[in-house]
1. Considering only the stretch A:241-264, I want to know if a residue exists there that is without any contact (Cβ under 8 Å) to a residue 40 or more places away in the chain, over 20 Å from the mean Cα position of the chain (by Cα), within 14 Å of another protein chain (Cβ to nearest Cβ) and open to solvent by 30 Å² or more (accessible area, probe 1.4 Å).
2. If you check residue B:219 against the conditions, is it closer than 25 Å to residue A:124 by Cβ, away from every other protein chain (no Cβ under 14 Å), in contact with a Phe, Trp or Tyr (Cβ under 9 Å, 6 or more places away or on another chain) and surrounded by 24 or more Cβ atoms within 10 Å (Cβ to Cβ)?
3. Assess whether residue B:97 counts as being within 22 Å of residue B:146 (Cβ to Cβ) and not hydroxyl-bearing (Ser, Thr, Tyr).
4. Name every residue in the stretch B:183-210 that is outside any strand (DSSP E or B) and more than 10 Å from chain A (Cβ to nearest Cβ), in order of residue number.
5. Let me confirm something: among A:166, A:237, which residue is of a type in the set (Gly, Ala, Ser) and closer than 28 Å to residue A:129 by Cβ?
6. Within the stretch A:126-182, track down each residue that is within 15 Å of residue A:9 (Cβ to Cβ) and either among the basic types (Lys, Arg) or at pLDDT below 90 (or both).
7. Across the stretch A:150-205, which residue is nearest to the other protein chains (Cβ to nearest Cβ) among those that are surrounded by fewer than 18 Cβ atoms within 10 Å (Cβ to Cβ), touching a strand residue (DSSP E or B) at 6+ places or on another chain (Cβ under 9 Å) and assigned to a helix (DSSP H, G or I)?
8. Given the condition part of a strand (DSSP E or B), of a type in the set (Ser, Thr, Tyr) and surrounded by fewer than 17 Cβ atoms within 10 Å (Cβ to Cβ), answer yes or no: does some residue in the stretch B:262-270 qualify?
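The values are calculated or read from the model by the stated rules, or taken from the named source; none is laboratory data. Please read all numbers here as calculations on a predicted model, not as lab measurements. For neighbour counting, all protein chains shown are included, and Cβ atoms are generated from backbone atoms with ideal geometry for every residue, glycine included. Heavy atoms of the whole protein, side chains included, go into the accessibility calculation; ligands, DNA and RNA do not. Shrake-Rupley method; radii C 1.70, N 1.55, O 1.52, S 1.80 Å.
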Amino acid sequence: MARIIVITSGKGGVGKTTTSAALAMGLAQRGSRTAVVDFDVGLRNLDLIMGCERRVVYDFINVINGEASLNQALIRDRRCDDLFVLPASQTRDKEALTKEGVGKVLDDLSQTFDYVVCDSPAGIEHGATMAMYYADDAVVVTNPEVSSVRDSDRMLGILASKSRRAETGNEPIREYLLLTRYSPERVANGEMLGLEDVQEILSLDLLGVIPESMSVLNASNAGIPVILDSESDAGQAYGDMVARYLGEELPHRFLEVRKKGLFSRFFKE
Amino acid sequence: MAARLMPGNRYFAWLRSGISMLLGHRDRGSTKTKSMTAKSESEGNAPSAVVELKAAAFTLPVIRLLDTDMDTVAEQLGAKVDQAPEFFRNAPVVVDLSALPAGADEVQFPLLVGLLRGHGMIPVGVRGGNASQNRAAEVMELAIMSETATRNPRQVTTKPASKPAAPAQTAERLPETTKPVTGGSFKLITHPIRSGQRVYTREGDLSVVGPISSGAELMADGNIHIYGPLRGRAMAGMNGDTQARIFCQSLEAELVSVAGRYRVSENIPTTLRGVPVQIFLDQEVLRIEKL
């Protein structure tokens, strides 16, 4: 049975899809068969971030409606044999995600995969609730600013009440916090909430802190999950995140303001 | 004072009635109404029902009569209404007779009803009256509100018909010492309450071990205890129990209320923010005190 992980946030633009791609790639690189499923019907992005947009033939909705088999719709990643992408439909309506349909697809995926990563759309509407309904674990992606923190908090409330685990009275979803777009400089200037502030409000296990980084945008544009860019701070931070998810204990990095010495200024790192 | 507006508390009427709908909750200041108007005689021959019988709870302002002298009542009520005429316009009200001294003169219901109507209110019923008062009220087509159905079980209330109302008056003034907690529930929550979540404990206390996020709501008919920061809303004494209190380890609340008396974050002094406090009613004034 696969572990179903939902990447969610409530707020848009915080890095859910980037995180989904990174986590799925990280798990697959460590040898786990991993599928990453785009729940953002109508606004699909995961295929772009994963760099497989030209290979999409069938999508999630086709599978739900029985118009294609799961194997036809799954796209194998070219960089990692254990990673598969199930893209969202760009043309259908979110309502096409039925609880039974989603349950069936996730169930089928669970038979052959170790991890199923669900990339949730923003908001708390149908698509988002479907993405989290069957989850075992949830990674709540939050930016260090008040509206994102509140939306995450709201999302945590929904996770606690509207998931299958909550409804059947099973062990609740394991919730993790991932702080993204963290800029130590702006925190130091008081322009951003600090890690401690966010943790105090959300009181969650911290899975990682991803620094604000140009490499994220560059990777997205290139269709390469940023975790593959092991040179970049964001790539390394995502690597740490995957390790922590799998139970390793690592210190959190990239939390301090980097002193710009003469040397680094000169060489521009 | 001849007439007093009870902390039936319309401040929270919107909120409380919403909660009532949600939870089927009835409170002391409210009356349970059953729409018994439509008897489905067509049953059997007309397939599609055009009426439904449903029970719903409403929060109504209660006018508590302390004296039967209608001139004084008129004077004092007029002064109250002048402060907020919009508040009373078309507002259904219930007249509470339980505080009238024993042996008081007959309540002149025609005068009283006329007076209330004159101020734009819609008198709908009485409660807490004795047999003769109830009969007089019925003549004026006022409903006799059942005390038992709406009574707070924690409250020691005298039976309306059998006993004079004087003890009730003292009971209302003095802190209640005898409190048989019957049928009270108790709720303990050991996880954070998130934005958008609401928790309600009916007829009992609510304890939370964990933070209450901003945008979350805690409600209890009894006390609320929070072992963590309170950043959302906490409402104790939802059924009008003025003895209820709120305790928290760090007050960062958006709103706190006891028996409908509330304070929003703006009106909480900065010296009391972020510290452990208790919140209670003192002479109908909401007080926040450091612990």
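1. no
2. Working: closer than 25 Å to residue A:124 by Cβ: yes; away from every other protein chain (no Cβ under 14 Å): yes; in contact with a Phe, Trp or Tyr (Cβ under 9 Å, 6 or more places away or on another chain): yes; surrounded by 24 or more Cβ atoms within 10 Å (Cβ to Cβ): no.
Judged against the criteria, residue B:219 is not a match.
3. Values: within 22 Å of residue B:146 (Cβ to Cβ): yes; not hydroxyl-bearing (Ser, Thr, Tyr): yes.
So residue B:97 fits the description; yes.
4. Our first condition is that a residue be outside any strand (DSSP E or B); within the stretch B:183-210, this holds for B:183-184, B:190-192, B:194-197, B:202-203, B:210.
If the condition is that a residue be outside any strand (DSSP E or B) and more than 10 Å from chain A (Cβ to nearest Cβ), then B:183, B:184, B:190, B:202, B:203 are the ones that fit.
5. Values: A:237 fails: closer than 28 Å to residue A:129 by Cβ.
Going through A:166, A:237 in turn, just one is of a type in the set (Gly, Ala, Ser) and closer than 28 Å to residue A:129 by Cβ: A:166.
6. Step one: list which residues in the stretch A:126-182 are within 15 Å of residue A:9 (Cβ to Cβ), which gives A:127-129, A:131-132, A:135, A:137-159, A:173, A:175-182.
Once the filter is applied, which keeps residues that are within 15 Å of residue A:9 (Cβ to Cβ) and either among the basic types (Lys, Arg) or at pLDDT below 90 (or both), the stretch A:126-182 yields A:150, A:154, A:181.
7. A:200
8. So in the stretch B:262-270, the residues part of a strand (DSSP E or B) come out as B:262-264.
Within this subset, residues satisfying the condition of being of a type in the set (Ser, Thr, Tyr) are B:262.
Then keep just the ones that are surrounded by fewer than 17 Cβ atoms within 10 Å (Cβ to Cβ); that gives none.
Checking the stretch B:262-270: not a single residue is part of a strand (DSSP E or B), of a type in the set (Ser, Thr, Tyr) and surrounded by fewer than 17 Cβ atoms within 10 Å (Cβ to Cβ).
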